[in-house]
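Peer 1: Sharing a structure here in structure tokens format.
What follows is calculated from the coordinates using simple rules that are stated; it is not laboratory data. What you see is a predicted model, and the numbers here were worked out from it, not measured in a lab. Note that we place each Cβ from the backbone using ideal geometry, even for glycine, and neighbour counts take in every protein chain shown.
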Amino acid sequence: MSYTVTLIPGDGIGPEVSEATRRVVEATGVAIEWEIHEAGEAAIAKYGAPLPDHILDSIRRNKVGIKGPITTPVGKGFRSVNVGIRKALDLYANLRPAKVVPGVASRYENVDLVIVRENTECLYVGIEHDVIANEAAEAIRIITRRATERIVRFAFEYARTNGRKLVTAVHKANILKLTDGLFLRTAQEVAQQYPEIAFNDRIVDNLCMQLVQRPQEYDVLVLPNLFGDIVSDLCSGLVGGLGVTPGANMGDGIAVFEPVHGSAPKYTGLNKVNPTAMIRSGALMLRYLGETQAAQRIEDAVTRVIAEGKSVTYDLKARRDDPTAVGTREMADAIIAAL
Ligand code: NAD
């Protein structure tokens, strides 16, 4: 069986972690033909748009894509390509597993969380305008029953398929009584259709405090878009940092895999950052394609390399200036050797 996959290397550290991932995925022996496309700043220079239509067409055709991070200018410039892809392809569920990998220095043991973030609405889609230029601006936060129902259903279906025991809906319904009130009520209704899976809810600020103190008490978290963005970085921090946490944007019959981290521009081209998050996103992709064995081999190889602690990047060393840290390429080589 051979697959065609759209690969967007991204920018900043994206091309380096993408190349590492491509090599590791190919080393499993699964035959993949890659359709490689530039997006973001580089695409503007070439095609006049950060997310030209041919990229979306390629993902629509192949039904599966994998991407490195793409820089979004802060406070100005073009809108996020990442948000654009999720919206255009209706990739409504952002799945971000955060699990302690043996050998990664983290403050906690036995953390095994799955973040299910709504991906198409809420403040994160960035609908805003000036009310009075430079004096007042307004952002619009839309929460709908339809989007909430399908994301909460996704969380419960994930829990059911993967033997998880608890789904927690995260919100701020005490203050945002209409938008998050609707999110919470809808979640409670969907939960009733899954009596075998426990359900509770938490106000987002309280949840953050509890995650820092007792992350083991949580299992699957389902959140509106912006809270999901923030809480998933917090959860990455619980299990060893952004260098190790993978992600997937899922729609109906279509998916784009990407690490949780961004383009970390200050490390561009230095062969320094950890390729694990994107390599594990590659393993999620293989699992999605039904290549369970290849996915498991990658996950085991990553675990072995990290547990051994020798051929790992700076962020996985006890001291960040440890001179024995290896580069992105060399860590990928070690993972390939361990396959
Ligand atoms: P970031 O995730 O790029 O980096 C934050 C810090 O995390 C880095 O300075 C580094 O210390 C660490 N880090 C990140 N990835 C790492 C890795 N693979 N190995 C080791 N350490 C790693 O976040 P940021 O600095 O807030 O964002 C930079 C740019 O990335 C922004 O333009 C932002 O919009 C974009 N971004 C893109 C995506 C995406 O493409 N999905 C996601 C998040 C941020």
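Peer 1: Once Lys and Arg get +1 and Asp and Glu get -1 on their Cβ, which of S232, I66, T328 lies farthest toward the positive end of the dipole of the chain?
Peer 2: S232
Peer 1: Pick from K165, K87, K266: which is most flexible by mean-square fluctuation in a GNM of the chain where alpha carbon atoms under 10 Å apart are linked?
Peer 2: Greatest mean-square fluctuation among the candidates belongs to K266.
Peer 1: For T4, which sequence-distant residues (separation of 5 or more, or a different chain) have an amide H within less than 5 Å of its own amide H, given hydrogens modelled in the peptide plane?
Peer 2: Amide H neighbours of T4: E33.
Peer 1: Please provide three numbers in whole Å: the alpha-carbon extents of the chain along the principal axes, with the largest listed first.
Peer 2: For the chain, the Cα extents along the three principal axes come out at 53, 47, 44 Å.
Peer 1: Shifting gears a bit: By what distance, in whole Å, do the Cα atoms of segment 210-339 stretch along each of the three principal axes, largest value first?
Peer 2: 41, 36, 30
Peer 1: Another question, if that's okay. Only bridges whose two residues both fall in segment 119-277 count here: according to DSSP, what percent of them are antiparallel, nearest 5? All intermediate terms of the calculation are to be shown ahead of the outcome.
Peer 2: On the way: 7 of 16 bridges.
Among the beta bridges of segment 119-277, antiparallel pairing accounts for roughly 45 percent.
Peer 1: Let me ask another. Which whole-Hz ³J(HN,Hα) couplings does segment 247-262 yield from phi under the Karplus relation 6.51 cos²θ - 1.76 cosθ + 1.60, θ = phi - 60°, glycine and proline marked x?
Peer 2: Each residue's phi maps through the Karplus curve to give x, 9, 9, 10, x, 8, x, 8, 8, 10, 9, 7, x, 6, 6, x Hz.
Peer 1: With contacts defined as alpha carbon pairs under 8 Å and 6 or more residues apart, what's the relative contact order of the chain in percent?
Peer 2: 23
Peer 1: When only Cα pairs under 8 Å and 6 or more residues apart are kept, what is the percent relative contact order across segment 70-112?
Peer 2: Details: 22 pairs, mean separation 9.7, N = 43.
With pairs under 8 Å counted, the relative contact order is 23 percent.
Peer 1: Oh, and also: When only Cα pairs under 8 Å and 6 or more residues apart are kept, what is the percent relative contact order across segment 1-52?
Peer 2: Numbers: 53 pairs, mean separation 22.6, N = 52.
Taking the mean separation of contacting Cα pairs over the length of segment 1-52, I get 43 percent.
Peer 1: Follow-up question, since we're still on this one. Work out from phi, with θ = phi - 60° and the Karplus expression 6.51 cos²θ - 1.76 cosθ + 1.60, the ³J(HN,Hα) of each residue of segment 75-82, listed in order in whole Hz, and give x for Gly and Pro.
Peer 2: Listing the rounded values in order: x, 6, x, 6, 6, 4, 5, 4 Hz.
Peer 1: Just to be sure I follow: if Rg is taken over the C-alpha atoms of segment 1-155 and Rh is the Kirkwood radius over the same atoms, what is Rg/Rh?
Peer 2: Using only Cα positions, Rg/Rh for segment 1-155 is 1.01.
Peer 1: Starting from one equal scatterer on each C-alpha and no solvent at all, send me the Debye-based log10 I(q)/I(0) for segment 1-80 at q = 0.23, 0.25, 0.26 Å⁻¹, two decimals.
Peer 2: Treating every Cα as an identical point scatterer, log10 I(q)/I(0) equals -1.10, -1.22, -1.27.
Peer 1: Taking the chain as a Gaussian network, where each spring joins two C-alpha atoms under 10 Å apart, which residue of N134, N94, N110 fluctuates the most?
Peer 2: Of the options given, N134 has the highest mean-square fluctuation.
Peer 1: Each residue of segment 219-228 in order: what ³J(HN,Hα) in whole Hz does its phi give by Karplus 6.51 cos²θ - 1.76 cosθ + 1.60, θ = phi - 60°, with x for Gly and Pro?
Peer 2: Along segment 219-228, the couplings run 9, 9, 10, 10, 9, x, 3, 5, 4, x Hz.
Peer 1: Size of the dipole of segment 57-180 about the Cα centre, Lys and Arg at +1 and Asp and Glu at -1 on the beta carbon, nothing else charged, in debye to 20?
Peer 2: On the way: 22 positive and 13 negative charges, 117 e Å.
For segment 57-180, the charge dipole is close to 560 debye.
Peer 1: Skipping prolines and chain starts, which residues have an amide H placed within reach, meaning under 5 Å, of the one on G247, given they are 5 or more residues away or on another chain?
Peer 2: Counting only residues 5 or more places away or on other chains, the set is E258, V260, S281.
Peer 1: Now, a different point. Classify segment 71-168 as rounded, prolate or oblate from the Cα gyration tensor: take a ≥ b ≥ c as the square roots of its eigenvalues, call it rounded if a/c is under 1.5, otherwise prolate when a/b beats b/c and oblate if not.
Peer 2: Values: a/c = 2.55, a/b = 1.65, b/c = 1.54.
Judged from the Cα gyration tensor, segment 71-168 comes out prolate (a/c at least 1.5, a/b above b/c).
Peer 1: Would you check the chain for Lys pairs whose C-alpha atoms are within less than 24 Å, ignoring same-chain pairs closer than 8 in sequence, and give me the count?
Peer 2: Counting lysine pairs in the chain gives 20.
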